[in-house]
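Reviewing the structure listed below.
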Amino acid sequence: MNIINIGTYPPKQCGIATFSMDLRNSLLLQGHKVQVMTVSDDDSVYHYPVEVVHNLKQNQKQDYVKAAAFINSDPTIQLAIIQHEYGIYGGEDGEFILELAKLLHKPFVLITHTILPLPSKGQKQILNDLCQRAAGIICMTRLSSQLLTDLYEAPPELLTIIAHGVPEFKRYPQNKLKQKHDLHGYKLISTFGLIGPGKGLELGIRAIADIAPRHNSIKYLILGQTHPMLQKYEGEKYRQMLIDLVSELDIHDKVIFINKYLSNKELGEYLYMTDIYLSPYPNMDQAVSGTMAFAIGCGRAIVSTPYAYASEVLRDGRGLLSQTAAPQELADLIEKVLDDKHLQNKLQKKSFEIGDNWTWPNIGKQYSRFFRQILNEHSEQDERRLNYAEL
């Protein structure tokens, strides 16, 4: 198949960009050709790799019309992928993507990353419109699938669930990794991702402060740089607030900030030396978390707030969920794992069981089958229309 992926793309640093690159690489393994159409913020310059064949400016409405024309005019492109996240496209709630979708003459698959249970009228209409125009729709959890059909009126026959993929992280012995990073002898709790207010890191810091007097050997690793868009408009305001909170709680020796954008190799090392992965999102509507998927892929023992994605993927004892987004509850669960090595091993085993199935080569096969099915159906529809026209 010859496919074009529409969304953000590295070197832009955001979750959708990483997802687009990983998905492309997994489809290449299946023998497909995958080109990329990027969405770039208007005042930034990115040096994109050769697979990027078209760049549209996020807030230039006419660019979306040109983008559709570009795809329509290329006879080799068989299928488009639209990565949907409200914040990456221009217009109110990313409405400009509709300008592209309604002009496409090629079938497109919609990959949904954010499915809000209480959307605004505009948010609901945009996703509803995209679902009605799509040849296929992919979501990553059962709850998301239910919301898409019940709330956004997505045709259920177009929907399929494919889990968030994770890299094939190289496995390393934990003790050797801790020695390498001068953390031998410590119990490590970590949270990673692009840093911003929605990540709930202040909840994690407060939970660590509660545990610290009883567990002298813990370290909390906050892994990742501030989200580039947040840094652009607010600088390091949020990170500084976290640093000030650490100072206020007097736990300088318990919290380590790794302020950099981590490569997959670096991330794999930090995850494999992590004893407990903490996911303290305060927003209970969070439908997908790539960071949690990565932690599951590395078979970590996970403690989390009960947001939508965590509640689904950590069911059946795959992790520990608090009742609310309260630091004290997170602290109690972290301590429960710290005090029970058998429990930690059990949680790791359950994570590994599902994580092995989520590696990108496996996920790529699922995408490939779904795309092939869509193109076959589209070809049959074209043939029926042609036969009808000849009658």
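The values are calculated or read from the model by the stated rules, or taken from the named source; none is laboratory data. Since the structure is predicted, the reported quantities are computational estimates derived from the model, not experimental observations. As a convention, Cβ positions derive from the backbone with ideal geometry for all residues, glycine included, and neighbour counts pool all protein chains shown.
The number of residues in region 59-107 that are among the basic types (Lys, Arg) and closer than 19 Å to Gln35 by Cα comes to 2. Among the residues making up region 182-210, those that are in a strand (DSSP E or B), in contact with a Phe, Trp or Tyr (Cβ under 7 Å, 6 or more places away or on another chain) and farther than 21 Å from Glu234 by Cα are Ile189, Ser190. Among residues belonging to region 328-344 that are in contact with a helix residue (DSSP H, G or I) (Cβ under 7 Å, 6 or more places away or on another chain) and buried (at least 20 other Cβ atoms within 10 Å of the Cβ), point out the one that is nearest to Cys139 (Cα to Cα). Among those residues, the one meeting the criterion is Leu330. Inspection of region 231-249 finds no residue satisfying the criterion of being in contact with a Ser or Thr (Cβ under 8 Å, 6 or more places away or on another chain), closer than 15 Å to Leu347 by Cα and either without any contact (Cβ under 8 Å) to a residue 24 or more places away in the chain or of a type in the set (Ser, Thr, Tyr) (or both). All of Leu116, Leu98 fail the test of being among the hydrophobic types (A, V, I, L, M, F, W, C), under 22 Å from Ala287 (Cβ atoms) and assigned to a helix (DSSP H, G or I), apart from Leu98. Counting residues in region 53-62 that are in the same structural domain as Val109 (by TED's automatic domain parsing), modelled with pLDDT of 95 or more, surrounded by fewer than 19 Cβ atoms within 10 Å (Cβ to Cβ) and assigned to a helix (DSSP H, G or I) gives one or more. None of Val50, Val39 is buried (at least 23 other Cβ atoms within 10 Å of the Cβ) and closer than 24 Å to Tyr261 by Cβ except Val39. Of the residues in region 167-187, at least one is buried (at least 18 other Cβ atoms within 10 Å of the Cβ) and free of Cβ contacts under 8 Å to residues at least 60 places away in the same chain. Under the condition of being out of contact with any strand residue (DSSP E or B) (no Cβ under 6 Å at 6 or more places or on another chain) and of a type outside the set (D, E, K, R), which residue from region 136-147 is nearest to Gly165 (Cα to Cα)? Per the criteria, the residue is Met140. Do we find a residue being β-branched (Val, Ile, Thr), modelled with pLDDT under 95 and either surrounded by fewer than 17 Cβ atoms within 10 Å (Cβ to Cβ) or in contact with a Gly (Cβ under 6 Å, 6 or more places away or on another chain) (or both) anywhere in region 218-239? Within region 218-239, not a single residue is β-branched (Val, Ile, Thr), modelled with pLDDT under 95 and either surrounded by fewer than 17 Cβ atoms within 10 Å (Cβ to Cβ) or in contact with a Gly (Cβ under 6 Å, 6 or more places away or on another chain) (or both).
Quick check on Lys346: is it without any contact (Cβ under 8 Å) to a residue 60 or more places away in the chain, touching a Gly at 6+ places or on another chain (Cβ under 9 Å) and assigned to a helix (DSSP H, G or I)? Against the criterion (without any contact (Cβ under 8 Å) to a residue 60 or more places away in the chain, touching a Gly at 6+ places or on another chain (Cβ under 9 Å) and assigned to a helix (DSSP H, G or I)), Lys346 qualifies. Lys199 satisfies every condition listed in (1) of a type outside the set (A, V, I, L, M); (2) loosely packed, with under 15 Cβ neighbours inside 10 Å; (3) out of contact with any helix residue (DSSP H, G or I) (no Cβ under 7 Å at 6 or more places or on another chain); (4) touching a residue at least 12 places away in the same chain (Cβ under 8 Å) except (2).
Assess whether His32 counts as being surrounded by fewer than 19 Cβ atoms within 10 Å (Cβ to Cβ) and of a type outside the set (Gly, Ala, Ser). For His32, the condition - surrounded by fewer than 19 Cβ atoms within 10 Å (Cβ to Cβ) and of a type outside the set (Gly, Ala, Ser) - is not met.
Let's see how each residue does on (1) closer than 30 Å to Pro10 by Cα; (2) in contact with a helix residue (DSSP H, G or I) (Cβ under 8 Å, 6 or more places away or on another chain):
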residue: Ile208; (1), (2): no, yes
residue: Lys232; (1), (2): yes, no
residue: Leu271; (1), (2): yes, yes
residue: Val313; (1), (2): yes, yes
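Considering Met292, Met284, the condition of being of a type in the set (A, V, I, L, M) and buried (at least 23 other Cβ atoms within 10 Å of the Cβ) is satisfied by Met292 alone.
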